[in-house]
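What follows is a single structure, and I will ask about it in a moment.
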Amino acid sequence: MATGSEALDRIVERLKGTADPKRRYEYVLWLAKKLDPLPGEFRNDAFKVKGCVSQVYVVGQLVGGRLHWQGDSDAAITKGLLALLIQGLEGLDPATAAAIDPAFLGEMGLQASLTPSRANGFLNILRTMQAQAQALAAGAVDQAPSANGTAGASNPNPVSA
């Protein structure tokens, strides 16, 4: 199944080809460690993912017509799942990111290893990222609040869902 993102397809194939659930978790934790720190100004309700037990923040920006993502979570596994989505959606155009079918989540084989609340949180992170991508595609980037809460008209400008 192709997602529309080559990077995401590679991640799905890698996880799908791993029979050991422990190895999948190790990969997700490794991704968490690689995630760049999120600047403090984005740790606010405007960028918080709703419906997650953990504290999760994700920020989408449009840079040269392509999506750039930043994010963080206070839980290691959730941070790894966020990192997986950031890596998979990085550099896509907003329409492609918004159109990704969440069915790939089941193909990775992670859901069998995740608690229901964590699996739901993973879907909520994806939906938040897709909503931000749609807002960026619709031109909301020019009206979005900047990190200091004022409206800004310059790119790149983060958008909250």
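Every read-out reported here was derived from the displayed coordinates using simple, explicitly stated rules and does not represent laboratory data. Owing to the predicted nature of the structure, the values given are computational and were not obtained by experimental measurement. A quick note on method: Cβ atoms are made from the backbone with ideal geometry, for glycine too, and the neighbour counts reach across all protein chains shown.
Under 5 Å between amide H atoms, partner at least 5 residues away or on a different chain: which partners does Ala75 have, H built in plane at 1.01 Å?
Placed amide hydrogens put Gln55 under 5 Å from Ala75.
While we're here: Restricting to DSSP H runs of at least four residues, report the calculated mean residue ellipticity at 222 nm for the chain, -39500 (n - 2.57) per run over all residues, nearest 500 deg cm²/dmol.
-13500 deg cm²/dmol
Hey, what did the chain get for relative contact order, percent, Cα under 8 Å, at least 6 apart?
28
May I pose another question? By the scheme Lys and Arg +1, Asp and Glu -1, what is the net charge of all other residues having a beta-carbon under 12 Å from that of Glu13? Intermediate values should be presented prior to the final figure.
Working: positive: Arg10, Arg14, Lys16; negative: Glu6, Asp9, Glu107.
After counting each charged neighbour, the total is 0.
Which three extents, in whole angstrom, do the alpha-carbon atoms of the chain cover along their principal axes, largest first?
Computed over the Cα atoms, the extents are 48, 30, 24 Å.
Report the gain in length on full extension from Glu107 to Lys48: 0.36 nm times residue separation, minus Cα-Cα distance, nm rounded to one decimal.
18.6 nm
Could you derive backbone 3J(HN,Hα) for region 55-63 from the dihedral phi with the Karplus parameters 6.51, -1.76 and 1.60 (θ = phi - 60°), listing whole Hz in sequence and x where the residue is Gly or Pro?
7, 10, 10, 9, 10, x, 10, 9, 10
Just to verify a number: FRET efficiency for His68 and Trp30, C-beta to C-beta distance, R0 = 25 Å, to 0.05?
According to the calculation, E is roughly 0.70.
Where nothing but the Cβ of Lys and Arg (+1) and of Asp and Glu (-1) is charged, how large is the charge dipole of region 6-141 around its Cα centre, in debye to the nearest 20?
Taking the Cα centre of region 6-141 as origin, the dipole is about 340 debye.
If you don't mind, there's one more thing I want to ask. Please give the residues of region 89-127, grouped as numeric ranges, whose backbone N is less than 17 Å from a label point set 7 Å along the Cα-to-Cβ vector of Arg10.
It comes to 89-93, nothing else.
Taking only pairs that are 8 or more places apart or on different chains, how many Lys pairs in the chain have Cα atoms under 25 angstrom apart?
14
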